[in-house]
Amino acid sequence: MALVAAASGLLEPLREFVKIKRLPVWGTCAGLIFLAEAANRTKSGGQDLVGGLDVRVNRNHFGRQTESFIIDLDLPFLTSALTQTQPFQGIFIRAPIVEKILSIVVGEQIEETKQENAVIAPARQAIDHRSTKYVNAPVEVMARLPNRLAKRTPEADRLALDPEAGDIIAVRQGNVFGTSFHPELTQDPRIHLWWLKQVFEAVGAQD
Amino acid sequence: MANDSLPLTNDSASHGNEFTPSFTVKTGLARMLKGGVIMDVVNAEQAKIAEAAGACAVMALERVPADIRAQGGVARMSDPALIKEIQAAVTIPVMAKARIGHMILEALAVDYIDESEVLTPADSTYHVDKHPFRVPFVCGCRNLGEALRRINEGAAMIRTKGEAGTGDVSEAVRHARKVADDIVKAKKLADDELPLYAETLGCSVELLKETIKLGRLPVVTFAAGGIATPADAALMMQLGCDGVFVGSGIFKSGDAAQRAKAIVQATTHFRDAKVLAEVSTGLGEAMVGINCSDLSKEQKLAGRGW
């Protein structure tokens, strides 16, 4: 995805959209990786990231396709006082996970380059006050995997994981949102509706 | 979304009940590959070249179809050592071909199994019952009936058969058009005419109805068989394919890395003539081709499978 974006001259326009103008973006699975400021287990020679979310993602966290799965998720952000929330069907396909929430730094996440096979996104200066506010917003954990899933990670990989590593599968930083799983492969529109509402409110706040 | 009415696969006992590997998970990976190029590779070095060129997955095999044609003999599944070496070399999905040995491939945790006519068939009556496997399968087809029979057996992705190892795209074009024509014909039929048409095609009425509703095959459908140039790839995309497999076309050509990149670009920008002209320029020698019309029926691989 990053290679095709680079070959098509799309990397910088994407960075401008996400980091300079800081417009609302949601990424799923590989999209979450693309929006992360840091990623590990990347291919040899690394890969380009757009950045925008101050998190470190672990690619193919659960393993290969034979470890892909579907599980019911409780997503707190979908809960409202008026509606009874049904679980959301989370489809994880060779999925990444948010391994660590990073502290917000000026410029690149240089510390992260100390990780083996890690890559970081290049820094870009937000264009105005509104964009800067979103860029510096705290990273919110929007959803976690049920605990029993931690054991899904093969033991060798589990030992290699950062001790602070978690089981975070959805994060938001201001107006940028990322999920490990694929709501677009379900027939359930709730996350899309929730997201559109977020965008609508953000755009409304600008006027 | 479109695939939810398709049959679910068996749950896997090895992981208990908390995970339900369903058909959605299998077709889901194929949906992530849409718009991409899957390249045949025979070693880790080629796999790295393919990954660096932007391939969305690689297909591990012992000999590319052009060599299987030239050398003859029984074409078998790859040595597991080779598959492991390729899996270690790249982070993109690794697929592998099998006619027998699919259980071995599942144990190796390949990401997709190609039940391929390129390899020598082991069972002249049945195709693999693909539902019980955690690994998804991709299968070849020449027409709608064959595609729906494979989906009914559990294939989570379909490709045209084309004529592998020739560098002649004409058979792939024929198969893609035949599937499309069969669907057009099906859409014109009244409900009570469908059982007879399904019988003619040799497929299930339910899957035929699903296909009519969607106006296309209910799983991701790639082009394969004879694709050797950026123009071939773009043509197959223009015919409505979701992506392309390139077999012998890349690593049997003069400059494999450049050709691989060019075919990826052509597949992404298949409607943009300027990009196609640019990436087609100065690619060096293409693979030595064989005209499909010069092949006898016995020499054609597409006839394998039923």
Looking at region B:238-257 only, could you name the residues that are more than 15 Å from B:A50 (Cα to Cα) and within 14 Å of chain A (Cβ to nearest Cβ)?
B:G243
Tell me, please, whether a residue that is more than 8 Å from every other protein chain (Cβ to nearest Cβ), closer than 16 Å to A:G107 by Cα and among the hydrophobic types (A, V, I, L, M, F, W, C) can be found in region A:16-27.
yes
Set B:A260, B:A286: member being within 14 Å of chain A (Cβ to nearest Cβ) and among the small types (G, A, S):
B:A260
Any residue at all in region A:138-154 that's at pLDDT 85 or above, within 20 Å of B:T91 (Cβ to Cβ) and surrounded by 15 or more Cβ atoms within 10 Å (Cβ to Cβ)?
no
Subset of region B:63-99 [farther than 19 Å from B:A228 by Cβ, more than 11 Å from chain A (Cβ to nearest Cβ) and small (G, A, S)]:
B:G72, B:G73, B:A75, B:S78, B:A81, B:A96, B:A98
Flagged in region A:21-51 as touching a Lys or Arg at 6+ places or on another chain (Cβ under 8 Å) and among the acidic types (D, E), in numbering order, are A:E37
Could you list all residues from region A:33-73 that are closer than 30 Å to B:M103 by Cα, more than 9 Å from chain B (Cβ to nearest Cβ) and modelled with pLDDT of 90 or more?
A:N58
With respect to A:Q89, determine if the residue is part of a strand (DSSP E or B) and among the polar types (S, T, N, Q).
yes
Residue ID - farthest from the other protein chains (Cβ to nearest Cβ), chosen from residues in region B:133-155 that are touching a strand residue (DSSP E or B) at 6+ places or on another chain (Cβ under 6 Å) and aliphatic (A, V, I, L, M)
B:A147
Mind telling me which of the residues B:G249, B:G282, B:G303, B:G289 ends up being modelled with pLDDT under 95 and under 25 Å from B:L33 (Cβ atoms)?
B:G249
Any chance you could count how many residues in region B:100-132 are within 14 Å of chain A (Cβ to nearest Cβ), within 20 Å of B:A57 (Cα to Cα) and assigned to a loop (DSSP other than H, G, I, E, B)?
4
Search result, residues across region A:107-150 that are over 24 Å from A:D48 (Cβ atoms), assigned to a strand (DSSP E or B) and in contact (Cβ under 8 Å) with a residue 40 or more places away in the chain:
A:V141, A:M142, A:A143
Here is a check on your reading of the model: is B:A60 buried (at least 21 other Cβ atoms within 10 Å of the Cβ), modelled with pLDDT under 95 and within 14 Å of another protein chain (Cβ to nearest Cβ)?
yes
Of residues in region A:89-136 being touching a Leu at 6+ places or on another chain (Cβ under 8 Å) and within 14 Å of chain B (Cβ to nearest Cβ), the one nearest to A:G178 (Cα to Cα):
A:P96
Report every pair of residues separated by at least 6 positions or lying on different chains whose Cβ atoms are under 9 Å apart, first residue within region B:37-54 and at negative phi and within 14 Å of another protein chain (Cβ to nearest Cβ), second among the hydroxyl-bearing types (S, T, Y) and part of a loop (DSSP other than H, G, I, E, B).
B:K48/A:S44; B:E51/A:S44; B:E51/B:T91
Mind telling me which of the residues B:T221, B:T160, B:T166 ends up being of a type in the set (S, T, N, Q), at pLDDT below 95 and on the phi < 0 side of the Ramachandran plot?
B:T166
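The values are calculated or read from the model by the stated rules, or taken from the named source; none is laboratory data. The structure presented is a predicted model; accordingly, all values stated were derived computationally and were not measured. Every residue, glycine among them, receives a Cβ derived from its backbone with ideal geometry; neighbour counts consider all protein chains shown.
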